[in-house]
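Heads up, the thing below is written out as structure tokens.
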Amino acid sequence: MIKRLMMVLPVVLLIATLGHTQTAQKITLENIWSQGTFRMQYVPGFTFQNDGKHYTRLQRNKIMQYDITTGESTATIFDPSGVKNKGSFNGQIGSYSFSADESKILIKTESERIYRYSSRANYFVYDRDTETLTAVYEEAKQRDVAFSPQADKVAFVVANNMYYKDLETGKIAQITTDGKENEVINGATDWVYEEEFGFYRGFEWSPDGKKVGFYRFDESAVKQFTMTNYYDNLYPEYVTFKYPKVGEKNADVTIHIYDVKSGKTIDAAITKNTDYYIPRIKWLPETDDLCVFRMNRHQNELELIKVNARSGKSNLLFKETNKYYIDIHDNLTFLADGKGFIWTSEQDGWNHIYHYDMNGQMVKQLTKGNWEVTDFYGVDEKNEKIYFQAAANSPLDREIYEVGINGKGRKAIADDDGINRAQFSSTFDYYVLNHSTVNTPNTHTVYERSGKKVRVIEDNGKVEERQDQYGVQDIEFFTFENRDGTPLNGWMIKPANFTANRKYPVFMYLYGGPGSQQVLNSWRGTNYWWFQMLAQQGYIIACVDNRGTGARGEEFKKMTYLDLGKYETMDQIDAAKYLGALPYADEQRIGIFGWSYGGYMSSLCLLKGNDVFSAAIAVAPVTNWKWYDTIYTERYMRTEKENPGGYKDNSPVYFADKLKGDYLL
């Protein structure tokens, strides 16, 4: 997945290109990135406990328990210094997780990163009743360790093979034996699944703990790619891994179900004769059925397949098709009564919540309107409520809502202007609200289910004091129409000591990728101060969300299908022309910056818009879509063989002859 990163030091080169300012510098790069002058207080995610009132947090290498209503510490859950049988445990907690009944804790330490999300580490199980610590596996570091629902076993992956350990007897059983680096992976995912489908643990315990459903990747026929890493040594380090590029072969992926008692494994009968993906698996509650997501290679047909764990036989539970593509999500909730499930979909042109029965028939569309559900927080079955985030008032804002499982009684529980995000306790009795606007930093507040405010955790008042001290400029929103008459949203920061009779250089910032948004009424984090620094130095800072971005419906987002970069570039060129025509902007000095998809965009803008942009910085850009991976690229572009024009017309390498301005790659 193309990601936007935050480090932006190379901008000084663009500053030199665009112009000089007479304004004395107040905010410095050192202030922002090395001295922590503007550091904001963030409240990390809460690990809520089953009672819904307490949460735990890693503090000073101890797992501490806190009361959500007071913030006071109520207990020390785990202190490594008090453990007598440490064995090979080094005493440092990297991260932790509880078993479902909270009787045991999985401790992760000495972690080594594999890809973007995955890692291998040493894991230990702490039994809270006996106060003993047990290594999961002594022979090698493990990955993807997970408790069974009954907390009597843990499953894990070592050297591409799956194992489980019986925590009562200490015995270890090997589930697979054919794992081999760069050939076969059991119980974990390959690089492209991790990168583009956003998960890396390739197995799930059944609800009764008697079976394990797991992935097997045969990537032996996938072509390899070698990365060269330079670490200031005499010779570089070469890292070779399987990287399926556009139109090339993906790994053959199959699902298998292991029976703990018999030690036997069966195959899930989901194989098709054509390329397909399996982006998720999920057990149905209190059954022997495993739900397998199967998606065609074009990613416009998604099937939920119910597989019987005893026989491996399958039947279709639900199917969704789309004329463009379907985004994979984790918003599938099977209801405890076994009669249906909750699902989110763009099928009516906007992302909404639906209730289906177990025959795949829609019971009811639970939310509806020309607005988007932007996050799904979960189902409170006890009180028959569903909680979600939406952009119902404006694409620039986010509100938090509840609605009945019957689709009635939709009510906003947090709808102040700006971005509202929530984390609910396990019982939904409390939630922590994170709120910000584009000009005010994040506040974190605890509320009861009723909406009553309990306490403010953090208001970041010191950041607001810094804003006053350094004389920041307000970020202003604007809207203009592109060449086709489509309204586009943007924001702007005017220079310090702004006067309308001067001509200022313009610095544009963008990302622009499918479904993304940069023009939001939310705090911009560290980049806020970087933008303010440039404004102090005499620059107009601006950002525009082009067509293809999010929260404006499916047609707006997916109109770039098969033509990634075409309409986005047109819109950014139109934005530059709009800004350049402002009486206080210098149309001869417009530069643009982007990272990843933004770097791809800034490159295209400078090349195709060489009469508009005078400079660009492109960090980690895609320069030719045929060199990128299968899942991401084909989702939006199909293959080069199917869509030669889309690739040829929108890959920057084919327009290098149009370079006129200054370009930092």
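Could you sort 366-375, 475-484 so that the peptide with the highest average Cβ count within 10 Å comes first and the rest follow in order?
On the way: 366-375: 18.1, 475-484: 14.2.
Put in order of decreasing packing, that is 366-375, 475-484.
Read phi for every residue in region 62-73 and hand back ³J(HN,Hα) as whole Hz from Karplus 6.51 cos²θ - 1.76 cosθ + 1.60, θ = phi - 60°, with x for Gly and Pro.
So the Karplus estimates, Gly and Pro as x, are 10, 8, 10, 9, 10, 8, 5, 7, 10, x, 7, 6 Hz.
Label points 7 Å out from Cα along the Cβ direction at ASN61 and SER220: separation in nm?
4.6
Return the long-range amide H neighbours of MET162 (sequence gap of 5 or more, or a different chain), with a cut-off of under 5 Å between placed amide H atoms.
ILE175, THR176
Would you work out which of ILE77, SER119, TYR137 lies farthest towards the positive end of the dipole of region 59-150? Charges go on Cβ: Lys and Arg +1, Asp and Glu -1.
SER119
Using modelled amide H (1.01 Å from N, peptide plane; none on Pro or chain starts), what sits under 5 Å from the amide H of VAL246, excluding residues fewer than 5 places away?
For VAL246, whose amide H was placed from the backbone, the distant partners under 5 Å are TYR628, THR630.
To the nearest 20 debye, what is the magnitude of the charge dipole of region 106-190 about its Cα centre, counting +1 on the Cβ of each Lys and Arg and -1 on the Cβ of each Asp and Glu?
Values: 11 positive and 15 negative charges, 54 e Å.
Around 260 debye, computed over region 106-190.
For region 283-291, just list the computed ³J(HN,Hα) in residue order, Karplus coefficients 6.51, -1.76 and 1.60, θ = phi - 60°, integers in Hz, with x standing in for Gly and Pro.
Computed from phi, the couplings for region 283-291 are 6, 6, x, 6, 9, 9, 10, 10, 8 Hz.
Any idea how far apart ARG310 and ALA620 come out in nm if each label point goes 7 Å out from Cα toward Cβ?
4.9
Looking at region 497-576, which chymotrypsin sites (Phe, Trp or Tyr not before Pro) are in a loop (DSSP not H, G, I, E or B) and have at most 15 other Cβ atoms within 10 Å?
On the way: sites: PHE498, PHE507, TYR509, TYR511, TRP523, TYR528, TRP529, TRP530, PHE531, TYR539, PHE556, TYR561, TYR567; in loops: PHE498, TYR511, TRP523, TYR539, TYR561.
The qualifying sites are PHE498.
Explain nothing, just the number: dipole magnitude of the chain about its Cα centre with +1 on each Lys and Arg Cβ and -1 on each Asp and Glu Cβ, in debye rounded to the nearest 20. All intermediate terms of the calculation are to be shown ahead of the outcome.
Numbers: 78 positive and 87 negative charges, 79 e Å.
My answer is approximately 380 debye.
Helix-only estimate, please: 222 nm mean residue ellipticity of the chain, summing -39500 (n - 2.57) across DSSP H runs of length 4 or more and dividing by its residues, to the nearest 500. Could you put the intermediate results ahead of the total?
On the way: 9 runs with 81 residues, N = 665.
That comes out to -3500 deg cm²/dmol.
How much accessible surface does GLU384 have with a 1.4 Å probe, in Å² rounded to 10?
120
For ASP416 and SER394, compute 0.36 nm times the residue count separating them, minus their Cα-Cα distance, and round to one decimal in nm. Don't skip to the end; give the middle numbers.
Values: separation 22, 0.36 × 22 = 7.92 nm, distance 1.18 nm.
Full extension of this stretch gives 6.7 nm more.
Counting heavy atoms of the protein chains only and a 1.4 Å probe, report the per residue accessible area for the chain as a whole number of Å². Provide the component values of the computation, followed by the final result.
Details: 28740 Å² over 665 residues.
Heavy-atom SASA per residue in the chain reads 43 Å².
Find which of ASN406, VAL192, VAL246 sits farthest along the positive direction of the dipole of the chain, computed with +1 on the beta-carbon of Lys and Arg, -1 on that of Asp and Glu, about the Cα centre.
Comparing the listed Cα positions along the dipole, VAL246 ranks first.
Using +1 at the C-beta of Lys and Arg and -1 at the C-beta of Asp and Glu, which of VAL373, LEU534, PHE334 has the Cα lying farthest in the positive direction of the dipole of the chain?
Of VAL373, LEU534, PHE334, it is LEU534.
May I ask you to give the percent of accessible area on the chain that is carbon plus sulfur, with a probe radius of 1.4 Å? All intermediate terms of the calculation are to be shown ahead of the outcome.
Values: 12870 of 28740 Å².
Result for the chain: 45 percent of the exposed heavy-atom area is carbon or sulfur.
Does region 214-259 come out rounded, prolate or oblate, given a ≥ b ≥ c as the square roots of the eigenvalues of its C-alpha gyration tensor, rounded meaning a/c under 1.5 and, failing that, prolate meaning a/b above b/c? Intermediate values should be presented prior to the final figure.
Details: a/c = 5.00, a/b = 2.10, b/c = 2.38.
Oblate.
Residues with amide H under 5 Å of LYS153's amide H, sequence separation 5 or more or different chain, H placed in the peptide plane at 1.01 Å from N; which?
Residues meeting the criterion, in which the H sits 1.01 Å from N, are SER148, LEU167.
Could you give me D for the chain, from Stokes-Einstein at 4 °C and 1.567 mPa s, where the hydrodynamic radius is the Kirkwood radius over C-alpha pairs? Units µm² s⁻¹, please.
Working: Rh = 27.3 Å.
My calculation gives 47 µm²/s for D.
Hey, what do the phi angles of region 548-559 turn into as Karplus ³J(HN,Hα) couplings, whole Hz, using 6.51/-1.76/1.60 and θ = phi - 60°, x for Gly and Pro?
Ordered by residue, 3J(HN,Hα) equals x, 8, x, 6, 10, x, 5, 5, 5, 6, 9, 5 Hz.
Based solely on C-alpha atoms, express the radius of gyration and the Dmax of region 155-199 in angstrom.
Rg and Dmax of region 155-199, Cα atoms, are 12.5, 39 Å.
The values are calculated or read from the model by the stated rules, or taken from the named source; none is laboratory data. Please read all numbers here as calculations on a predicted model, not as lab measurements. Neighbour counts run over all protein chains shown; Cβ positions are idealised from the backbone, glycine included. Heads up: the accessible areas ignore ligands, DNA and RNA and are worked out on the full protein's heavy atoms, side chains in. Shrake-Rupley method; radii C 1.70, N 1.55, O 1.52, S 1.80 Å.
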